[in-house]
1. Restricting the search to region A:33-47, which residues are under 17 Å from residue A:86 (Cβ atoms), more than 12 Å from chain B (Cβ to nearest Cβ) and surrounded by fewer than 17 Cβ atoms within 10 Å (Cβ to Cβ)?
2. Select from region B:251-264 the residues that are assigned to a loop (DSSP other than H, G, I, E, B) and either buried (at least 20 other Cβ atoms within 10 Å of the Cβ) or in contact with a helix residue (DSSP H, G or I) (Cβ under 8 Å, 6 or more places away or on another chain) (or both) and list them in ascending order.
3. Using the structure shown, decide if residue B:220 is surrounded by fewer than 20 Cβ atoms within 10 Å (Cβ to Cβ), more than 30 Å from residue B:72 (Cβ to Cβ), modelled with pLDDT of 95 or more and touching a strand residue (DSSP E or B) at 6+ places or on another chain (Cβ under 8 Å).
4. Could you go through region B:229-247 and let me know if any residue there is surrounded by 21 or more Cβ atoms within 10 Å (Cβ to Cβ), part of a loop (DSSP other than H, G, I, E, B) and more than 14 Å from chain A (Cβ to nearest Cβ).
5. Take residue B:168 and tell me if it is more than 29 Å from residue B:312 (Cα to Cα) and crowded, with 20+ Cβ neighbours inside 10 Å.
6. Quick check on region B:204-217: of everything there that is in contact with a strand residue (DSSP E or B) (Cβ under 9 Å, 6 or more places away or on another chain) and within 14 Å of another protein chain (Cβ to nearest Cβ), which residue is nearest to residue B:49 (Cα to Cα)?
7. Are any of the residues in region B:295-302 modelled with pLDDT under 95 and part of a helix (DSSP H, G or I)?
8. If you scan region B:105-152, which residues turn out to be within 14 Å of chain A (Cβ to nearest Cβ), more than 17 Å from residue B:87 (Cβ to Cβ) and touching a residue at least 24 places away in the same chain (Cβ under 8 Å)?
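The values are calculated or read from the model by the stated rules, or taken from the named source; none is laboratory data. Just so it is clear, the model here is predicted, and its values are computed rather than measured. When we count neighbours, we look across all protein chains shown, and the Cβ atoms used for this are built from the backbone with ideal geometry, even at glycine.
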């Protein structure tokens, strides 16, 4: 069955540079630099990437950074906690808009 | 189920020998520095990644006669390092004799221990022998996490490993100024590549010290070898080809010069010779000729061919297995 997402396509990511090589070069250089060891370790950066991947629900990113986290020495408990951080922010973002709801209710109601 | 799993080890990647040719590389033996002695496949653990499928049900053990042949070999060969492995070498009743005899015949004796076997051997004579001859302990500790370690090595192994490491520290192993070396080996707990060695060492050093007060000398990270129980696991989970492909893609020609098989001779529990312990698991005899230690006519193996298979990609991926 054909699907929009094919796991093998992840390996073709670099092909995106074929018709705009200069932009792709800049992007991939930046991408690489972002994940280099800095004030944050490469392991911490992978955990952040995994959480963001779940927030944007990108199957390629989830695939890549699940494996990436394991390869950087993280374990499933740490990875699950990272997901809960993303989930808390996503859920919190919905809930905090309840203040708007309350403001409107306050204005409209007796 | 295990019998139905294909024995094909190609993994859909080019033959290792072909890849060497493409890079203009030739893999030949250099000077033999390390004599690796596999004391048998008997082990108290059933690790998922074990390339030799060692375990409590295995009966293969090096007998005293073969041990004497190995000692005679070392007397003539004078290898700098004697690397004792298994299975769990602690479960071979002749281990102490081997260490005692090898002590004057080599600069370094290494004992590869799964930690729990050493701890539960409960053998003060063995422990004092390790101290007396300054035997380097090379211990497996795949992860700082209990569930990861136990999933690879068996339930309860993490706690036993921590107890054993504390005990070894108390005896001086891993402590500065004692001359007693305690190295750790971390291998991935699944079908993925190992953590960068320097990064992992830094983290292990900090976490082991902070949480349990444990110190060690060096940590090595190695890829798992797609043979034995690990090969079966990979195939059962449908990961074999992808894993082989990851190893193949990580092929680093610069690693070939320093591969351990160039400078190591492996003697199996039954006295047969191999270019490395992985070839022993793969059933690939030294230089592709089945030779028993008693049949050797020369000790100079320089320039001899090294038997290879696609499992060799595990030793050439990334920074390699040296």
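1. The one that is under 17 Å from residue A:86 (Cβ atoms), more than 12 Å from chain B (Cβ to nearest Cβ) and surrounded by fewer than 17 Cβ atoms within 10 Å (Cβ to Cβ): A:40.
2. Passing the criteria: B:252, B:259.
3. yes
4. no
5. Yes, satisfied.
6. B:204
7. The answer is yes; a qualifying residue exists.
8. Once the filter is applied, which keeps residues that are within 14 Å of chain A (Cβ to nearest Cβ), more than 17 Å from residue B:87 (Cβ to Cβ) and touching a residue at least 24 places away in the same chain (Cβ under 8 Å), region B:105-152 yields B:141, B:142, B:143, B:144, B:148, B:149, B:151.
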